[in-house]
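The values are calculated or read from the model by the stated rules, or taken from the named source; none is laboratory data. Just so we're clear, the structure is a prediction, and the values are computed from it rather than from any experiment. Using ideal geometry, Cβ is built from the backbone for each residue, glycine included, and neighbour counts are taken over all protein chains shown.
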Amino acid sequence: MHANRINDRKPLEAHAIKELQAALHGELLLPETEGYHESRTIWNGMIDRKPALIIKCRETSDVVQGVHFARNHDLLLAVKGGGHNVAGNAVCDNGLMLDLSPMRSVTVDSARKTARVDAGCLLSDLDQATQEHGLAVSGGIVSHTGVAGLTLGGGFGWISRKHGLSIDNLISAEVVTADGQVRTASERENPDLFWGLRGGGGNFGVVSSFEFQCATIGTEVFSGLIIQRFEDADNYLQFHAEYVRTLPDDITVWVVIRHAPPLPFLDESVHGRIVIVVAFVYLGDPEKGQKLIQPIRQFGKPHGEAIGMNPWCAWQSGFDGLNSHGARNYWKSHHLRELSSPCIGKVIEFAEKLPGPQCEVFIPHMEGAPSRVPENATAYAFRSTPFVLNIHARWEDAGEDSRYIGWAKEFFQETRPFARGVYVNFLSDEGEQRVKDAYTEKAWQRLTQLKQKYDPTNLFRMNQNIKPSA
Ligand SMILES: Cc1cc2nc3c(=O)[nH]c(=O)nc-3n(C[C@H](O)[C@H](O)[C@H](O)COP(=O)(O)OP(=O)(O)OC[C@H]3O[C@@H](n4cnc5c(N)ncnc54)[C@H](O)[C@@H]3O)c2cc1C
């Protein structure tokens with residue numbers, strides 16, 4: 001009897017599925033099993049794929065079983081961390097998906113200021129555990145994002161200008177490679193693999209846990225929002241592009257252009273209007289932070305502001321609501337080598353045409369500790385570009401796909417002259433050349449050789465794929 005038709009060539013026997021089930025600590029889900037649909041659902045509502053089998057991994061040994069099973073049965077293999085990647089690579093049609101979400105523990109060593117983090121953790125798990133000790137790991141800005149995918153691509157957020165990218169704070173990782181071996185990757189053990197994991201995504205194996213260096217930040221940060229007028233966009237963005245680059249690494253100031261959400265400190269007449277949201281975090285004495293943020297507060301006539309000491313975990317989840325699960329999402333992105341006058345002109349031209357109330361133009365400032373790490377130290381490249389431009393189209397109705405995607409693509413094309421490379425974690429499904437664009441030529445060569453060494457058959461290909469060199 002053939003229990004599941006996994007691919008066109010090779011139906012899967014029921015006894016093979018039974019044997020797999022018996023070897024697991026976690027659950028094996030089939031399409032008819034309860035929990036299957038919840039498990040295959042990811043953040044981006046555009047992705048609706050149905051794996052033939054899902055392993056809800058409880059331990060590293062489940063990951064090992066899954067890797068062997070996929071290889072031996074010639075199955076497409078997908079790995080789901082937090083399921084947030086906009087390209088939807090966490091889930092495949094047919095094939096086998098490893099859902100790491102049951103692996104959610106974080107162990108903090110407060111004396112060494114390190115955290116051992118299971119690969120199914122979300123950023124909220126990591127923040128909650130480290131904050132008990134006044135610590136934090138440099139990571140992203142939406143608390144329901146997965147630690148694993150974010151880290152393997154680089155990982156930046158509010159404290160990365162001061163403390164480095166997530167990968168710059170990675171001490172070691174436990175990895176299951178394509179041969180089913182469990183390896184440690186660190187500066188001392190398998191350093192080539194460690195280099196590739198820091199920016200090369202899930203191409204070299206399934207990471208089952210990460211060990212991070214934590215930063216001491218306390219439990220509250222001086223932070224806030226200043227809502228600038230879109231009518232002043234040209235002047236404000238010119239000022240912003242210069243001013244933030246003069247600031248010390250303790251302060252991070254980012255811009256989001258979008259329709260104003262109904263924030264309580266804004267007059268109702270502003271709700272729904274296009275505005276420039278200037279968001280900042282200062283790590284240090286709030287009085288000093290006040291001085292640094294003052295020129296932004298005094299610029300033009302802001303619609304409003306909310307500034308003060310915020311608990312770190314509350315600040316980290318403050319943007320969750322605007323990025324909730326299930327909407328349709330399409331991203332186009334670049335690293336910007338300049339936020340020059342002509343570039344700002346293009347940003348304003350397309351921001352004026354924001355196709356819907358949930359769309360955003362996100363421009364984080366990146367320089368600082370990450371730029372002081374040599375470009376060849378990790379696979380993540382383009383450490384010296386000052387800004388990122390992320391064009392985030394977000395909507396609900398599938399009938400509107402082409403309008404939203406069209407806006408993002410056109411905006412992207414028009415800002416290409418100001419770009420140098422792209423952050424691999426912000427890529428949609430854009431083909432091999434765009435994956436290459438995320439790396440320097442040298443890094444790409446090294447990555448393809450590493451792929452040849454650790455995954456010569458390209459078992460791990462549901463990702464921003466790097467093909468083996470041979
Ligand atoms: C709302 C939102 C906010 C974001 N904010 C930020 C931000 O502030 N900073 C930032 O740097 N990025 C940010 N990102 C981008 C984010 O880094 C990527 O989407 C990242 O891929 C998410 O990781 P994940 O584990 O949730 O994703 P998944 O979709 O589960 O995985 C992404 C990729 O990594 C692979 N993968 C996942 N887990 C493993 C593993 N354990 N071993 C091997 N491969 C694995 C998957 O197969 C897939 O190819 C954001 C994304 C979203 C949707």
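What number of residues within region 369-387 satisfy the criterion of being in contact (Cβ under 8 Å) with a residue 24 or more places away in the chain, within 19 Å of residue 243 (Cβ to Cβ) and either hydroxyl-bearing (Ser, Thr, Tyr) or surrounded by fewer than 22 Cβ atoms within 10 Å (Cβ to Cβ) (or both)?
Final tally of qualifying residues: 2.
Sort out which residues of region 416-470 are small (Gly, Ala, Ser), under 21 Å from residue 47 (Cβ atoms) and in contact (Cβ under 8 Å) with a residue 12 or more places away in the chain, and write them in order of number.
Initial filter on region 416-470 (small (Gly, Ala, Ser)): 419, 421, 428, 431, 438, 443, 469-470.
Imposing the further condition that a residue be under 21 Å from residue 47 (Cβ atoms) reduces the set to 428, 431, 438.
Of everything in region 416-470, those that are small (Gly, Ala, Ser), under 21 Å from residue 47 (Cβ atoms) and in contact (Cβ under 8 Å) with a residue 12 or more places away in the chain turn out to be 428, 438.
For region 126-153, give me each residue that is closer than 19 Å to residue 174 by Cα and of a type outside the set (Gly, Ala, Ser).
126, 137, 147, 150, 151, 152
Give 348, 344, 391 a once-over and let me know the one that is in contact (Cβ under 8 Å) with a residue 40 or more places away in the chain, among the hydrophobic types (A, V, I, L, M, F, W, C) and not in a helix (DSSP H, G or I). Steps first, please.
On the way: 348 fails: not in a helix (DSSP H, G or I); 344 fails: not in a helix (DSSP H, G or I).
From the options 348, 344, 391, the qualifying one is 391.
On the basis of being outside any helix (DSSP H, G or I) and charged (D, E, K, R), does residue 416 make the cut?
Values: outside any helix (DSSP H, G or I): no; charged (D, E, K, R): yes.
Judged against the criteria, residue 416 is not a match.
Limited to region 112-126, what total is found for residues that are more than 15 Å from the chain's Cα centre (by Cα), surrounded by fewer than 23 Cβ atoms within 10 Å (Cβ to Cβ) and closer than 21 Å to residue 315 by Cβ? Steps first, answer last, please.
Going residue by residue through region 112-126, those that are more than 15 Å from the chain's Cα centre (by Cα) are 112-118, 125.
Among the residues that remain, those that are also surrounded by fewer than 23 Cβ atoms within 10 Å (Cβ to Cβ) are: 112-114, 116, 125.
Retained after the next criterion (residues that are closer than 21 Å to residue 315 by Cβ): 113, 125.
Number of matching residues: 2.
Considering only residues that are farther than 19 Å from residue 380 by Cβ, of a type in the set (Lys, Arg) and within 16 Å of the ligand (Cβ to nearest atom), which ones fall in region 442-466?
If the condition is that a residue be farther than 19 Å from residue 380 by Cβ, of a type in the set (Lys, Arg) and within 16 Å of the ligand (Cβ to nearest atom), then 461 is the only one that fits.
Counting only residues that are surrounded by 20 or more Cβ atoms within 10 Å (Cβ to Cβ), give me the strands (runs of 3 or more DSSP E) lying completely in region 228-315 with at least 3 of them. Outline the logic, then answer.
Numbers: elements: 251-259, 274-282, 304-311.
Filter on region 228-315 gives 251-259, 274-282.
Just one of 351, 419 is at pLDDT 95 or above, within 25 Å of residue 153 (Cα to Cα), crowded, with 20+ Cβ neighbours inside 10 Å and small (Gly, Ala, Ser); which is it? Outline the logic, then answer.
Working: 351 fails: within 25 Å of residue 153 (Cα to Cα).
Going through 351, 419 in turn, just one is at pLDDT 95 or above, within 25 Å of residue 153 (Cα to Cα), crowded, with 20+ Cβ neighbours inside 10 Å and small (Gly, Ala, Ser): 419.
Determine if region 394-405 includes at least one residue that is within 19 Å of the chain's Cα centre (by Cα) and more than 27 Å from residue 95 (Cβ to Cβ).
yes
Going through 42, 54 one at a time, which residue ends up being surrounded by 14 or more Cβ atoms within 10 Å (Cβ to Cβ), β-branched (Val, Ile, Thr) and touching a Gly at 6+ places or on another chain (Cβ under 6 Å)? Steps first, please.
On the way: 54 fails: touching a Gly at 6+ places or on another chain (Cβ under 6 Å).
Of 42, 54, the one residue that is surrounded by 14 or more Cβ atoms within 10 Å (Cβ to Cβ), β-branched (Val, Ile, Thr) and touching a Gly at 6+ places or on another chain (Cβ under 6 Å) is 42.
Tally the residues that are near the ligand (Cβ under 7 Å from one of its atoms) and either of a type in the set (D, E, K, R) or out of contact with any Cys (no Cβ under 7 Å at 6 or more places or on another chain) (or both), restricting the search to region 75-87. Steps first, please.
Keep residues of region 75-87 that are near the ligand (Cβ under 7 Å from one of its atoms), which gives 78-86.
If we keep only those that are either of a type in the set (D, E, K, R) or out of contact with any Cys (no Cβ under 7 Å at 6 or more places or on another chain) (or both) as well, we get 79-86.
Qualifying residue count for the region: 8.
Has region 142-164 got at least one residue that is hydrophobic (A, V, I, L, M, F, W, C) and surrounded by fewer than 21 Cβ atoms within 10 Å (Cβ to Cβ)? I'd like the intermediate steps shown before the answer.
So the first thing to find is which residues in region 142-164 are hydrophobic (A, V, I, L, M, F, W, C), and the list is 142, 147-148, 150, 152, 156, 158-159.
Next, only the ones that are surrounded by fewer than 21 Cβ atoms within 10 Å (Cβ to Cβ) stay: none.
Checked region 142-164: no residue is hydrophobic (A, V, I, L, M, F, W, C) and surrounded by fewer than 21 Cβ atoms within 10 Å (Cβ to Cβ).
Counting just the residues of region 214-234 that are among the hydrophobic types (A, V, I, L, M, F, W, C) and touching a helix residue (DSSP H, G or I) at 6+ places or on another chain (Cβ under 6 Å), which one comes out nearest to residue 109 (Cα to Cα)? Quick ask: steps written out before the conclusion?
At the first step, the residues of region 214-234 found to be among the hydrophobic types (A, V, I, L, M, F, W, C) are 214-215, 217, 221-222, 225-227, 230, 233.
Now restrict to residues that are touching a helix residue (DSSP H, G or I) at 6+ places or on another chain (Cβ under 6 Å): 214-215, 221-222, 226, 233.
Working: 214: 9, 215: 12, 221: 22, 222: 26, 226: 37, 233: 46 Å.
Top of the filtered list is 214.
Under 8 Å by Cβ, and 6 or more places apart or on different chains, what pairs join a residue from region 142-155 that is within 7 Å of residue 123 (Cα to Cα) with one that is within 6 Å of the ligand (Cβ to nearest atom) and of a type in the set (A, V, I, L, M, F, W, C)?
Qualifying pairs under 8 Å: 144/43; 147/119.
I'm trying to understand the selection: among the residues of region 90-104, which are touching a helix residue (DSSP H, G or I) at 6+ places or on another chain (Cβ under 8 Å) and not basic (Lys, Arg)?
We begin by selecting, within region 90-104, every residue touching a helix residue (DSSP H, G or I) at 6+ places or on another chain (Cβ under 8 Å); these are 90-91, 95-101, 104.
Result: 90, 91, 95, 96, 97, 98, 99, 100, 101.
Could you identify the single residue in 48, 62, 109, 93 that is more than 9 Å from the ligand (Cβ to nearest atom), in contact (Cβ under 8 Å) with a residue 40 or more places away in the chain and either more than 28 Å from residue 153 (Cβ to Cβ) or not aliphatic (A, V, I, L, M) (or both)?
On the way: 48 fails: in contact (Cβ under 8 Å) with a residue 40 or more places away in the chain; 62 fails: in contact (Cβ under 8 Å) with a residue 40 or more places away in the chain; 109 fails: in contact (Cβ under 8 Å) with a residue 40 or more places away in the chain.
Exactly one residue qualifies, and that residue is 93.
Can you work out which of the residues in region 418-441 that are in contact with a strand residue (DSSP E or B) (Cβ under 7 Å, 6 or more places away or on another chain) and hydroxyl-bearing (Ser, Thr, Tyr) is nearest to the ligand (Cβ to nearest atom)?
That would be 423.
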